[in-house]
1. Just checking, which of B:22, B:36 is more than 25 Å from residue A:25 (Cβ to Cβ) and in a helix (DSSP H, G or I)?
2. Out of everything in region B:25-78 that is in contact (Cβ under 8 Å) with a residue 60 or more places away in the chain and closer than 18 Å to residue A:20 by Cα, what residue ends up being farthest from the other protein chains (Cβ to nearest Cβ)?
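The values are calculated or read from the model by the stated rules, or taken from the named source; none is laboratory data. As the structure is a computational prediction, the values presented were derived from the model and not from experiment. Here the Cβ positions follow ideal geometry from the backbone for every residue, glycine too, while neighbour counts run over all protein chains shown.
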C-alpha cells in the first residue's frame, strides 16, 4: 500500500536565515511596515509503498537522515497524510 | 499586536518539479525502492504587527500577491498560528 508523508524542514534556531532577512527588508520597502520577522523553510511530499504504516514511517525517517535533511543545520518533522 | 502566519507555497498541478524528480531518483538509487513520488514546496513564516487579526491576514494576502508567491505558477495557503 502507498502512504503519503509531508516532511517539514526548518533551520535550527540561532542559524542565520539570509533569505528571510532579505525578504523582510523587501516587504518593509514595499510598505508593509508591520513585518517584524520572516523565515523560510521547505516541505517535501513523499509517497512510499510499504507493507505497514510503521515500515513506511521508518523508511521516511531513514530518508531524512540520509538525504533529505541536513541534521547538522536543520530540524525536520514528519507528518503522515490520511 | 503581533500575529504569526505560515504561508505554504506549492507548484500548481501539472507543472514539472525537476527537484522532486531528481530526489525521487536519488532515493531509489539509495535503495528506497518504494518511493513513487516526491515533490517540493516551501514555507514562509511571517510575523506582522496589526490592529486586528483581519487586518493582519489581509496584509499577508497582499504580500503573497506582490512578492512572496508567483501566482502564475504557484498556489499558496495561509495559516494563522495561535
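1. B:22
2. Once the filter is applied, the top-ranked residue is B:78.
Per-residue answers, yes or no, for (1) surrounded by 14 or more Cβ atoms within 10 Å (Cβ to Cβ); (2) out of contact with any helix residue (DSSP H, G or I) (no Cβ under 6 Å at 6 or more places or on another chain); (3) at pLDDT 95 or above:
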site	(1), (2), (3)
A:5	yes, no, yes
A:13	no, yes, no
A:20	yes, yes, yes
A:33	no, yes, yes
A:42	yes, yes, yes
A:47	yes, yes, yes
A:51	no, yes, yes
A:59	yes, yes, yes
A:71	no, yes, no
